[in-house]
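Step one of this worksheet: look at the structure below.
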Amino acid sequence: MNTNSSNIMALAPNTSTKRETVCIFGTGDFGRALGHKMIQSGYPVVYGSRSTQISNLIPKDAEVLSHAEAAQKAAIIIIAIQRQHYNFLTPLAEILRGKVVVDISNNLKLNQYPESNAEYLAQLLPGAKVVKAFNTVSAWALQSGALDASRQVFVCGDDVEAKQMVMNIVRALGLTPLDQGSLLAAQGIENYPLQLFPMWKFPMFLSLGLTAFFFFYCLALDIIYTYIYEKNNFSFFIAITIPNRICPVMALILLALVYLPGVLAAIIQLYRGTKYRRFPDWLDKWMLCRKQLGLIALAFASLHAVFTLVSPMRSFVRWRTSKGIISQALNNKTEPLDTTNAWLSDSYLALGILGFFFFVLVGITSLPSVSNSVNWREFRFVQSKLGYLTLILCTAHTLVYGGKWFLSPSAYRWYLPNIYMLSLVVPCIVLVVKFVLVFPCIDKPLTQIRQGWERNPKYSE
Amino acid sequence: MNTNSSNIMALAPNTSTKRETVCIFGTGDFGRALGHKMIQSGYPVVYGSRSTQISNLIPKDAEVLSHAEAAQKAAIIIIAIQRQHYNFLTPLAEILRGKVVVDISNNLKLNQYPESNAEYLAQLLPGAKVVKAFNTVSAWALQSGALDASRQVFVCGDDVEAKQMVMNIVRALGLTPLDQGSLLAAQGIENYPLQLFPMWKFPMFLSLGLTAFFFFYCLALDIIYTYIYEKNNFSFFIAITIPNRICPVMALILLALVYLPGVLAAIIQLYRGTKYRRFPDWLDKWMLCRKQLGLIALAFASLHAVFTLVSPMRSFVRWRTSKGIISQALNNKTEPLDTTNAWLSDSYLALGILGFFFFVLVGITSLPSVSNSVNWREFRFVQSKLGYLTLILCTAHTLVYGGKWFLSPSAYRWYLPNIYMLSLVVPCIVLVVKFVLVFPCIDKPLTQIRQGWERNPKYSE
Amino acid sequence: MNTNSSNIMALAPNTSTKRETVCIFGTGDFGRALGHKMIQSGYPVVYGSRSTQISNLIPKDAEVLSHAEAAQKAAIIIIAIQRQHYNFLTPLAEILRGKVVVDISNNLKLNQYPESNAEYLAQLLPGAKVVKAFNTVSAWALQSGALDASRQVFVCGDDVEAKQMVMNIVRALGLTPLDQGSLLAAQGIENYPLQLFPMWKFPMFLSLGLTAFFFFYCLALDIIYTYIYEKNNFSFFIAITIPNRICPVMALILLALVYLPGVLAAIIQLYRGTKYRRFPDWLDKWMLCRKQLGLIALAFASLHAVFTLVSPMRSFVRWRTSKGIISQALNNKTEPLDTTNAWLSDSYLALGILGFFFFVLVGITSLPSVSNSVNWREFRFVQSKLGYLTLILCTAHTLVYGGKWFLSPSAYRWYLPNIYMLSLVVPCIVLVVKFVLVFPCIDKPLTQIRQGWERNPKYSE
């Protein structure tokens, strides 16, 4: 650490710096890391600590004083102390009056306390201008400079100028401040680093549940049924055959579920004759996780593609192929080319390839940097037009692939339909309703409603 | 909506806010959405409206006054009204004198009016400081917070301070302002949200045209010719065989077209002996859409890869394979391994894989966030060096694949060359000229010219 | 150029602009491009030049004066001149006193001069406020507006206000300023545009070295050994078979090398009982290039996937398959399905597919825009949890694939192990050590140490 501080110092300005002194309360891990980074960016740093004995872990150019002395030297005081020790600040309230006090604390659990740490601090120090910031940055990242993950620093506070001062420091450290409004936003900011893909939770559980259901459904129909009635042990189907049956089904259903809420919303708006009433909560939530549903669908589709492509390499498939060829050879005959079969096989492959291609295109525009560089018209064109094209192609791919089995009794083992038939239910409903909705006689009133027209204006009063 | 406004309010600051009041003229969809978002970010909002009757759609904390009263309360007035109603503002010109007036309007068509809406507004209100902003943001995105697409807000105006005030509001709403200069840029800003991939238009039309041409070319040679002269119905080739013949041809030609303008520019500069004369317009335009051409080429290459990989699963291919094996079996003989054939087959596959691999690498660096994190030297290394390597590998892949057919008369149906021969014309020209250009005796004067040297200095005067 | 300047003019503000005049010394390529862009953004520009004769290459609205006259007209002077001519500025030192002088120069080599150009300029002009900026932008990009690569402009300087003024100009030109601290950072900023993927150098050399080693190893065992002892000429294995043997080995080893330093660091911390001592230098460097190692491993894994998928299309594989089928047919027998074989074949394929799938997921989160939009907890979840899952799946894939050969003597040609056995060494070590480290009795002290606890506190004094 010592050898390192010298080359950090090399970056510090030595002349005519006008940056204001920053005071840091607390010499823990994060306090030290922040101090190092600030000195590097040209800020004089003074530490407030219980013991003013200088530890060699503290940046060399920083002063260490008592809390009261340190606070008097700076206009900005960063509290790098855990919430449970905040009450030691109460005696310092008078010294901190009018100063900018920055709360950088995090909790261990979501909504651990009734009020956010920053609001609690503001209650303890009524005269101070409390700003919440820096809680999303890790000490390790600050120290190593390896800011691979987010450089975003959420900032909130009731005093606009205090917030501006903190945001200038954030910018000077090479990070990106994001103004989140008043101190009431602190709860959300403190919860942010504790979140683990909150938007993905529902889509993930839904897909895991559906996957488990389809897995046991296939297990019953493909392995157990075959074992009981045909005495064949096809247990190795668990590795590839069944996953490759589940993946396309999941991809198609999830893709259809992306477009179902839009269709439902249109029906609700048409029925109510106004857009000024809120949708049911479940529909709102559904609409906000469409992107996640779509990306999980794309993941399943990709797995389906790879599982399909490896099939010629499978021991079972090679055995089946050679068995077929040998039996033809032993019977001394060659089957002629079945053109209908060739058409069906080639067209479901081609439909699948095109569907997957457009699916990947739509997926690429979901990358933050790509969606950020297109305008709204382009974004909607890709997400809606290309998305529906994908859904149509994938549904057609499934229909052409399995169409012949709809009427075949052997497809209904234990009187249950094959899962690819189940997979077609939702997409077909979505496509049929959407097809009805684009008819001019229905599309026109819907467009009017979406532009603000109301069939029954009393609703909105 | 009502239940929603309460939790929006929860985010509004309740103490010591110093944000200036903002006035919004117009209580339509966008005016309301903007008002909501501004209150959420701590701005007091006052609406100017014809009827001051308070609708429950308007944010609860906003005042609704007459236009004149509302305008007097704020330094910034946002005009959320359509252009055709702007003339009602003329009587207010005196009140708006010296104020910042923000034009957020959009048109329905590109270049709908001779002058931009913002310039028209500036003519109507000669004393006001007109700023164009917010037109690229959708009301729905503001309301739902689902800013998946661009957070960029283009801002322009003649008064620097007025622009700065508006940009501060933009930042406070969590959006990214982009200063576009004076009000003369408003026309471009108003056209921006109406654009649908303008840079992609020419490359798309070019590839559609070429694809259609090659499709009919293949249809004639592969299906109609075979049907007439060999009595075989290979109509199912339309699904996979022909697309997989067109895709690699298109990918190779478009990739070569990415590098052709650079080579042409070098020849023009060498011929003129100076870099200070503009290239012909078509060359300038061509150079600006190279990235798009390259990405379309990559799309065709990807399709070619997948179409090729599915081939062992095709009914036709399986029939052809088993036919070959059965005829060998019936003749009681096994053909020995043809090492030359194995070499050819393996090397064109390996060349294709490597070419595709580098093509994808170059494609990944075209992602905005990746190209933003490399410096110019690295960007040029990838786009030029790796790009040429891709072109060389793909051309070699095609040559090895089809080389044996160049001299075979059966490849010339109706005396027409096979399309893979056509596909080699442009890439070979580009590679040969590039090869000549890297010779020191030609590279040296070219480098000098590009550093500003002129063979004939009178040209530049 | 001339025809172009008129439409650039169209964008210039014509009224009430308050932007300060900028002076540019030097009328070379970059000086002109910068001037054009500044006029476009509303800055009055005055050129300082030896000959005040107006060239038609200089933007029409710019004045051209002598150096002294030009400098007096502006508060900011941009030095668009090469370092070797800086000494002509010495007589102007008095005029430049107190002014902001912007150094935009670049060198031809890394660390070409003992001190950076900007520091040298500051020594020549002791009274001027020297700011380093704009050196990362190319003249061509400024002129054409095709800022595909980085829009980032690194800015450094000792005077905070001067730096702020320059950063405002940078923002107005549509670029993103990044404050890098004091003028001592200029050396790094001047080196930046000369770098060519510095973080990739070690991982690239390591993988090239390993690849070469494994290539000759395979060449010896697979081609030369076969040629000598079995008289078979399998030289065509060089094209696909050997690359497809090297790629998975490289992918697995490099992936394991991504996780090895983390495991080593944990052992070192446990041994020392503190986290407050620096790791050896090689370990620090290794840790900082883990992302690059992982991405190269992903590239090898992708190549392995494609090489494997094309195998049914290879002439050699088709010959081998038909030979097997024909020999069965001629012997008049059909081999029954070997269920164990089917299980092995399907499970190593499935493990490989899943491993590759999670590998790609981890790779996608390495895209700057994706990693920027997740918080630290999410980033670590993906990079560590999913990363280890990938390593486990890929190791299992290799074990299942080649497990049967470990005990077979034919796998040890010339008493050397097959390379897939070599590839398992590092991953197995990493997984075993990691498995030990997650045991509570070891994990608990490690977590304490990482939270700042020290077994032997005297170490840190």
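Read-outs: derived from the displayed coordinates by stated rules, not from any lab. In this text the structure is predicted, and so the values were computed from the model without any measurement. Cβ atoms come from the backbone with ideal geometry, glycine included; neighbour counts cover every protein chain shown.
For segment C:22-194, the Cβ-based charge dipole about the Cα centre amounts to some 240 debye (Lys, Arg positive; Asp, Glu negative; other atoms uncharged). Label-to-label distance for A:PHE406 and B:ILE228 is 4.0 nm, based on points extended 7 Å past Cα in the beta-carbon direction. Stokes-Einstein, applied to the Kirkwood radius of chain C over Cα pairs at a viscosity of 1.567 mPa s and 4 °C, places its translational diffusion at 47 µm² s⁻¹. Each 10 Å bin from 0 upward holds the following percent of the Cα-Cα pairs of segment B:324-461: 9, 22, 26, 21, 12, 6, 2, 1, 0.
Label points for A:GLN72 are taken 7 Å from Cα along Cα→Cβ. From this copy to the others they lie 5.1, 5.1 nm apart, shortest first.
Calculate the FRET efficiency for B:ASN341 and A:GLU454 from the Cβ-Cβ distance with a Förster distance of 56 Å, rounded to the nearest 0.05. Intermediate results must be reported in sequence, preceding the final value.
Working: r = 74 Å, r/R0 = 1.32.
With a Förster radius of 56 Å, E is 0.15.
Computed over segment A:205-363, the P(r) curve from all C-alpha pair distances, binned at 10 Å from the origin, holds 9, 25, 29, 21, 11, 5, 2, 0 percent per bin. Highest mean packing first, where packing is the average number of other Cβ atoms within 10 Å per residue, the peptides A:204-216, A:112-124 line up as A:112-124, A:204-216.
Magnitude of the charge dipole for the protein assembly as shown, about its Cα centre and with charges confined to Cβ atoms of Lys, Arg (+1) and Asp, Glu (-1), is about 2000 debye. The trypsin sites (Lys or Arg not before Pro) found in segment B:223-322 that occupy coil by DSSP, while having at most 15 further C-beta atoms within 10 Å, are B:LYS231, B:ARG277, B:ARG278.
Hey, for A:ARG320 with labels 7 Å out along Cα-Cβ, what do the inter-copy distances come to in nm, ordered shortest first? Here A:ARG320 shows inter-copy label distances of 2.2, 2.3 nm. Is the shape of segment C:278-401 rounded, prolate or oblate, going by the alpha carbon gyration tensor and its root eigenvalues a ≥ b ≥ c, with a/c under 1.5 for rounded and a/b larger than b/c for prolate? In terms of gyration-tensor shape, prolate. Once both labels are positioned 7 Å from their Cα atoms along Cα-to-Cβ, the gap between B:CYS428 and A:LEU361 label points is 3.2 nm.
Charges at C-beta only: +1 for Lys and Arg, -1 for Asp and Glu. How large is the resulting dipole of chain B about its Cα centre, in Debye rounded to 20? It would help to have the intermediate numbers written out before the result.
Working: 41 positive and 26 negative charges, 190 e Å.
I would put it at about 920 debye.
Take every DSSP beta bridge with both residues inside chain C and express the antiparallel ones as a percent of the total, to the nearest 5. Roughly 10 percent of the DSSP beta bridges within chain C come out antiparallel. Counting, for every residue in B:174-184, the Cβ atoms of other protein chains within 10 Å of its Cβ and taking the mean gives 5.
Distances between copies of B:LEU416, taken at a point 7 Å out from Cα along the Cα→Cβ vector and listed shortest first: 5.4, 5.4 nm. When you count the other C-beta atoms within 10 angstrom of each residue and take the mean per peptide, A:125-131, A:159-165 line up highest first as A:125-131, A:159-165.
The mean number of Cβ atoms from other chains found within 10 Å of a Cβ in peptide B:185-198 is 2, as a whole number. Highest average first, the peptides A:302-308, C:91-97 ordered by how many other beta carbon atoms sit within 10 Å of their residues are A:302-308, C:91-97. Which parts of segment C:308-326 would a label at C:SER235 reach, counting a residue when its backbone N lies under 20 Å from a point 7 Å out along Cα-to-Cβ? So the set is C:315-317. Mean projected area of the Cα convex hull of segment B:349-393, taken over all directions, amounts to 2.7 nm². Counting only DSSP beta bridges whose two residues both lie in the protein assembly as shown, roughly 10 percent are antiparallel. Inter-chain neighbour count for C:235-243: the average number of beta-carbon atoms from partner chains within 10 Å of each residue's beta-carbon is 5. Electrostatic bookkeeping for A:LEU194 treats Lys and Arg as +1 and Asp and Glu as -1; over the other residues with beta carbon under 9 Å from its beta carbon, the sum is +1. Projecting the Cα atoms of A:LEU367, C:LEU446, A:VAL258 onto the charge dipole of the protein assembly as shown (Cβ charges, centred on the Cα centre) puts A:VAL258 farthest toward the positive pole. Entry note, chain A: the mean residue ellipticity at 222 nm calculated from DSSP H runs of n ≥ 4, each adding -39500 (n - 2.57), is -16500 deg cm²/dmol after division by the residues and rounding to the nearest 500. Per-residue Cβ neighbour counts within 10 Å put C:VAL360, A:VAL430 in the sequence C:VAL360, A:VAL430, beginning with the fewest. Taking other residues whose beta carbon is less than 14 angstrom from the beta carbon of B:PHE234, and scoring Lys, Arg as +1 and Asp, Glu as -1, yields +1. Take the alpha carbon gyration tensor of segment A:22-194, find the square roots of its eigenvalues, order them as a ≥ b ≥ c, and report rounded if a/c is under 1.5; if not, report prolate when a/b exceeds b/c, else oblate. Rounded, because the longest to shortest axis ratio a/c is under 1.5.
Which entries of B:LYS444/C:LYS99; A:LYS385/B:LYS285; B:LYS404/B:LYS434; B:LYS201/B:LYS385; B:LYS291/C:LYS291 have Cα-Cα distances beyond 32 Å here?
B:LYS444/C:LYS99
Taken over the C-alpha atoms, segment B:245-332 has Rg and Dmax values of 22.5, 75 angstrom.
A simple spin-label model places the labels of B:GLN84 and B:MET199 3.5 nm from each other, with each point 7 Å out along Cα-to-Cβ. For segment C:325-403, the list of trypsin sites (Lys or Arg not before Pro) that fall in a loop by DSSP and count at most 15 other C-beta atoms within 10 angstrom reads C:LYS333. Computed from the alpha carbon atoms alone, the convex hull of the protein assembly as shown holds 216 Å³ per residue.
Taking the number of Cβ atoms within 10 Å of each Cβ as an exposure proxy, the fewest-first ranking of B:PHE30, C:PHE234 is C:PHE234, B:PHE30. Here the contact order of chain C, divided by its residue count and restricted to Cα pairs under 8 Å and six or more residues apart, works out to 11 percent. Work from the charge dipole of the protein assembly as shown (Cβ charges, +1 for Lys and Arg, -1 for Asp and Glu, about the Cα centre) and give the residue of B:SER410, A:TYR192, A:THR390 farthest towards its positive end. Among B:SER410, A:TYR192, A:THR390, the one farthest towards the positive end of the dipole of the protein assembly as shown is B:SER410.
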